[in-house]
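The values are calculated or read from the model by the stated rules, or taken from the named source; none is laboratory data. None of these values were measured; they are calculated from a predicted model. Positions of Cβ are generated from backbone atoms using ideal geometry, with glycine treated the same way; all protein chains shown enter the neighbour counts.
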Amino acid sequence: MGRFGRAAAWRNMATFGSLDETRQGQIQTYFVVLLVPVDTDDPMTVVAQKIAHHVAGRWVAAQDRPMRVRHRGKFLAHEATVAESDLAPLDVLEVVYA
């Protein structure tokens, strides 16, 4: 931390804000893993809504756009159900606005 650095140059850089901005810029994203119950017959549109219910408008700004479900870097089809997608019980799903 430059603000409490031993050398005067470090303290001056922190005073001018350069080091503080760099340090804060290292935090790229904030995420929380949620355990959300879904049914095996739920399509991915419903899964996205169930997950977004806990996040949209609280941690992430709600948007008027469709949501997509991503699993291991690949988007799942909207109409695919949980059973058809070969998801394990504790797999991590990401929901993003399309």
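If only residues of region 62-83 that are part of a loop (DSSP other than H, G, I, E, B) and touching a residue at least 40 places away in the same chain (Cβ under 8 Å) are counted, the one that is farthest from Leu34 (Cα to Cα) is Ala83.
The set of residues in region 36-61 that are without any contact (Cβ under 8 Å) to a residue 40 or more places away in the chain, of a type outside the set (Val, Ile, Thr) and closer than 16 Å to Glu94 by Cβ comprises Gln49, Lys50, His53, His54, Ala56, Trp59.
Count of region 69-98 residues, restricted to those that are touching a His at 6+ places or on another chain (Cβ under 8 Å) and either surrounded by 13 or more Cβ atoms within 10 Å (Cβ to Cβ) or not assigned by TED's automatic domain parsing to the domain that holds Pro43 (or both), is 4.
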